[in-house]
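Novice: Let me begin by handing over the structure; questions about it come next.
The values are calculated or read from the model by the stated rules, or taken from the named source; none is laboratory data. Every value quoted in this text rests on a predicted model; they were computed, and no experiment measured them. Cβ coordinates were reconstructed from backbone atoms using ideal geometry, including for glycine residues, and neighbour counts include every protein chain displayed.
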Amino acid sequence: MRRALNFWVVGGDLRQVKLAQLLQEDGHSVQTYAMERRPDPGQLPGSDTMKGMEQADCVILPLPVTAEQGMLNAALSDLRVPVSELLEGLSPGQLVCAGKVTTPMRVLAEEKGLILRDYFAREELAVANAVPTAEGAIQIAMEELPTTLYGLRVLVIGFGRLGKVLAHRLHGLGAKVTVSARKYGDLAWIEAYGYQSEHTGQLTGWLGAYDLIINTVPARVLDFPQLLDLKEDCLVIDLASKPGGVNLKAAAQLGTKVIWALSLPGKAAPATSGRIIRDTIYHILQELEL
């Protein structure tokens, strides 16, 4: 950065705590709000009110920015702060960076004249986040399965950013990796990397051989007919965002063990995730020449 800036880091979880610490270590002025239950609260300045936030060079909101009913996502706070109230107190032209921005929030920010950037929508963050997500999924599998991953027959559903990283990590651990995709170009790349391939739309009848299935596709891909094919002891890990890719009701009826692992970067590697968010924020500031 060309100069020290005034940041407010608001709400969130341990990712935002690490983000605030990193910004402070970089020489910036940092104020926190709605994270009073963070570990080691004395290490970072914290405010009991939003007073002064309107003068920040950049206000960083959490990922995701909202919890239920439009409230600020603030896992480390007892405060209930409507995101609309928070935005109302900011100044026109002020930069706000947030993760998973909702349409109502975007509309309100535009009406207020704020510069709103969704750092979760950035490609560099999505690619970087795939690493802690993949490693978190592998950690879950190693904890839940009674066997090693070496020699295990694993199906990864989806060959996007996360599917690519996950297949690579599993293959490196000696698993027998199959990857499914819908695009024929992706299927060609899957085979070029040395994995077995399946078409995601044609999985029914071909799932009985797998010991572990990890879904990365944010659409219903494992419904009753597909779940009916699974081995009795097959473990399913769903990494897809809401509403998920697995019919959980059907899985419960069939006795299939499904772990829906949301927000793994923040749980498995919050320090890494905080650094990824910081780097992405810096990219946004550079593009805006701040």
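Residues are listed down the side, and each one gets a yes or a no for (1) surrounded by fewer than 23 Cβ atoms within 10 Å (Cβ to Cβ); (2) among the basic types (Lys, Arg):
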position	(1), (2)
Thr147	yes, no
Gly163	no, no
His171	yes, no
Lys176	yes, yes
Ser180	no, no
Gly185	yes, no
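Novice: Let me ask something else about it. Check off (1) farther than 21 Å from Trp206 by Cα; (2) in contact (Cβ under 8 Å) with a residue 60 or more places away in the chain; (3) surrounded by fewer than 17 Cβ atoms within 10 Å (Cβ to Cβ); (4) of a type in the set (Lys, Arg) for Lys242 and give me the number that stays unchecked.
Specialist: Of the numbered conditions (1) farther than 21 Å from Trp206 by Cα; (2) in contact (Cβ under 8 Å) with a residue 60 or more places away in the chain; (3) surrounded by fewer than 17 Cβ atoms within 10 Å (Cβ to Cβ); (4) of a type in the set (Lys, Arg), the odd one out for Lys242 is (2).
Novice: Could I ask something else about it? Here are the criteria: (1) touching a Gly at 6+ places or on another chain (Cβ under 9 Å); (2) closer than 11 Å to Val246 by Cα. Tell me which single one Pro225 does not satisfy.
Specialist: (2)
Novice: Looking at region 190-216 only, could you name the residues that are over 23 Å from Ile138 (Cβ atoms) and either of a type in the set (Lys, Arg) or surrounded by 15 or more Cβ atoms within 10 Å (Cβ to Cβ) (or both)?
Specialist: Trp206
Table: residues versus (1) more than 18 Å from Gly158 (Cβ to Cβ); (2) within 23 Å of the chain's Cα centre (by Cα); (3) free of Cβ contacts under 8 Å to residues at least 24 places away in the same chain.
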position	(1), (2), (3)
Trp189	no, no, no
Glu198	no, no, no
Thr204	no, no, no
Asp211	yes, no, no
Phe224	yes, no, no
Val258	no, yes, yes
Ala261	no, yes, no
Ala271	yes, yes, no
Tyr282	yes, yes, no
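Novice: A follow-up question, please. Scanning region 86-118 for residues that are under 22 Å from Gln69 (Cα atoms) and among the hydroxyl-bearing types (Ser, Thr, Tyr), which turns out surrounded by the most Cβ atoms within 10 Å (Cβ to Cβ)?
Specialist: In this case the residue turns out to be Thr102.
Novice: Further question on the same structure: Asp78 versus (1) among the charged types (D, E, K, R); (2) free of Cβ contacts under 8 Å to residues at least 24 places away in the same chain; (3) closer than 17 Å to Val17 by Cβ: which is the lone unmet condition?
Specialist: (2)
Novice: Continuing with the same structure: Does region 36-54 include one or more residues that are surrounded by 23 or more Cβ atoms within 10 Å (Cβ to Cβ) and either under 29 Å from Glu111 (Cβ atoms) or not assigned by TED's automatic domain parsing to the domain that holds Ile115 (or both)?
Specialist: So far as region 36-54 goes, no, none of its residues is surrounded by 23 or more Cβ atoms within 10 Å (Cβ to Cβ) and either under 29 Å from Glu111 (Cβ atoms) or not assigned by TED's automatic domain parsing to the domain that holds Ile115 (or both).
Novice: Do we find a residue being closer than 30 Å to Val96 by Cβ, out of contact with any Asp or Glu (no Cβ under 9 Å at 6 or more places or on another chain), surrounded by 16 or more Cβ atoms within 10 Å (Cβ to Cβ) and modelled with pLDDT under 95 anywhere in region 245-267?
Specialist: Yes, the conditions are met somewhere in region 245-267.
Novice: Look through region 217-232, keep the residues that are among the acidic types (Asp, Glu) and surrounded by 12 or more Cβ atoms within 10 Å (Cβ to Cβ), and return whichever of them is farthest from His171 (Cα to Cα).
Specialist: Asp223
Novice: Let me ask another. Before we move on, is Ala4 surrounded by fewer than 20 Cβ atoms within 10 Å (Cβ to Cβ), closer than 22 Å to Lys267 by Cα and modelled with pLDDT under 95?
Specialist: For Ala4, the condition - surrounded by fewer than 20 Cβ atoms within 10 Å (Cβ to Cβ), closer than 22 Å to Lys267 by Cα and modelled with pLDDT under 95 - is not met.
Novice: Which of the residues that make up region 55-64 are in a loop (DSSP other than H, G, I, E, B), crowded, with 21+ Cβ neighbours inside 10 Å and modelled with pLDDT of 95 or more?
Specialist: Ala56, Leu61, Pro62
Novice: Suppose we filter region 104-131 for residues that are at pLDDT below 95 and of a type outside the set (A, V, I, L, M, F, W, C); how many remain?
Specialist: Number satisfying all stated conditions: 2.
Novice: For residues that are of a type outside the set (D, E, K, R) and in contact with a Ser or Thr (Cβ under 6 Å, 6 or more places away or on another chain), tally how many sit in region 15-35.
Specialist: Adding up the residues that qualify gives 5.
Novice: Right, next: With the structure loaded, tell me whether Ala175 is in contact with a Pro (Cβ under 9 Å, 6 or more places away or on another chain) and hydrophobic (A, V, I, L, M, F, W, C) or whether it fails that test.
Specialist: Considered against the rule, which asks whether it is in contact with a Pro (Cβ under 9 Å, 6 or more places away or on another chain) and hydrophobic (A, V, I, L, M, F, W, C), Ala175 comes out as no.
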